[in-house]
1. Looking at Val38, Val69, Val64, can you tell me which residue is surrounded by 10 or more Cβ atoms within 10 Å (Cβ to Cβ), modelled with pLDDT under 90 and hydrophobic (A, V, I, L, M, F, W, C)?
2. Applying the selection to segment 2-27, what residues are out of contact with any Gly (no Cβ under 7 Å at 6 or more places or on another chain) and more than 21 Å from Ala47 (Cβ to Cβ)?
3. Run down Arg28, Arg13 and say which single residue is open to solvent by 100 Å² or more (accessible area, probe 1.4 Å) and either among the acidic types (Asp, Glu) or at pLDDT 85 or above (or both).
4. Search segment 1-28 for residues that are more than 20 Å from Glu48 (Cα to Cα) and of a type in the set (Asp, Glu) and pair each with any residue that is open to solvent by 100 Å² or more (accessible area, probe 1.4 Å) and part of a loop (DSSP other than H, G, I, E, B) when their beta-carbon atoms are under 9 Å apart and the residues are at least 6 apart or on different chains.
5. Mind checking which residues of segment 42-61 are modelled with pLDDT under 80 and open to solvent by 70 Å² or more (accessible area, probe 1.4 Å)?
Amino acid sequence: MPSVNMRQLRDTRQLKAWLQAGKTVELRERDRLIGRIVPANGDQPPAEIPDFAARARKIFGDRVLPNMVLEERKRSRY
């Protein structure tokens, strides 16, 4: 469990990242536990990242697209 002291509490980016990941953060002062900051969705696990390789296999199968086609698709996006 990550822990921060009172001075480190100012770094809200790191604290926010921990809380969004579903981690409970301990708040300490001089190595003494003062309290815990619990995320709002603490009972839910973080969402899983989709398997993009499996999606590509489902769409394209075992076909290998030539590099030229991939480059054209990238350029046509902009």
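The values are calculated or read from the model by the stated rules, or taken from the named source; none is laboratory data. All of these numbers come straight from a predicted model, not from anything done at the bench. We place every Cβ from the backbone using ideal geometry, glycine too, and count neighbours over all the protein chains shown. Remember, those area values only see protein heavy atoms, side chains included, never the ligands or the DNA or RNA. Shrake-Rupley method; radii C 1.70, N 1.55, O 1.52, S 1.80 Å.
1. Details: Val69 fails: surrounded by 10 or more Cβ atoms within 10 Å (Cβ to Cβ); Val64 fails: surrounded by 10 or more Cβ atoms within 10 Å (Cβ to Cβ).
Just a single option satisfies the conditions, and that option is Val38.
2. First, pick out the residues of segment 2-27 that are out of contact with any Gly (no Cβ under 7 Å at 6 or more places or on another chain): 2-21, 23, 25-26.
Ser3, Val4, Asn5, Met6, Arg7, Gln8, Leu9, Arg10, Asp11, Thr12, Glu26 - these are the residues of segment 2-27 that are out of contact with any Gly (no Cβ under 7 Å at 6 or more places or on another chain) and more than 21 Å from Ala47 (Cβ to Cβ).
3. On the way: Arg28 fails: open to solvent by 100 Å² or more (accessible area, probe 1.4 Å).
Step by step, each of Arg28, Arg13 is checked, and only Arg13 is open to solvent by 100 Å² or more (accessible area, probe 1.4 Å) and either among the acidic types (Asp, Glu) or at pLDDT 85 or above (or both).
4. That search, which allows pairs on different chains as well, returns Glu26/Met1.
5. Filtering segment 42-61 down to residues modelled with pLDDT under 80 leaves 42-47.
Within segment 42-61, Asp43, Gln44, Pro45, Pro46, Ala47 meet the criteria.
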